[in-house]
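If you scroll down you'll find the structure; I have some questions about it.
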Amino acid sequence: MTRKEMKRAGFIHDDNLRKDAFWKGLKVIESCENKIHIEGAENYIDNFQLAFEDTFKNGIQLDALLVALKEKKLKLKL
């Protein structure tokens, strides 16, 4: 689904959806065990950014997801 379709569907600006997506992103990152899982988490973060790119809170949450992913990569030594 493209960003335009998501916006037309009306769920891009929904705060509860954004919060749920953020917490799900953290769970996805925490569950990573290998390089393939990390690639999936990176794709999730890219989709999160596309869906919620125009909100200020998204910037903070996106940074948190990126930091969590970086820490997970260091922990797994990837």
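Taken together, the values in this text are just the output of simple stated rules run on the coordinates, not laboratory data. Keep in mind that this is a model prediction, so the values were computed, not measured. Here Cβ is always computed from backbone atoms with ideal geometry, including for glycine, and neighbour counts include all displayed protein chains.
Find out how many positive minus negative residues lie around L78, taking Lys and Arg as positive, Asp and Glu as negative, among other residues whose Cβ is under 14 Å from that of L78.
Net of charged neighbours comes to +2.
Cross-link candidates for K24: which aspartates and glutamates have Cα within less than 18 Å, leaving aside residues fewer than 8 places away along the same chain?
D14, D15, E33, E39, E42, D46, E53, D63, E71
Something else about it: Can you tell me the FRET efficiency between K75 and N47 if r is taken as the Cβ-Cβ distance and R0 is 22 Å, rounded to the nearest 0.05?
With a Förster radius of 22 Å, E is 0.40.
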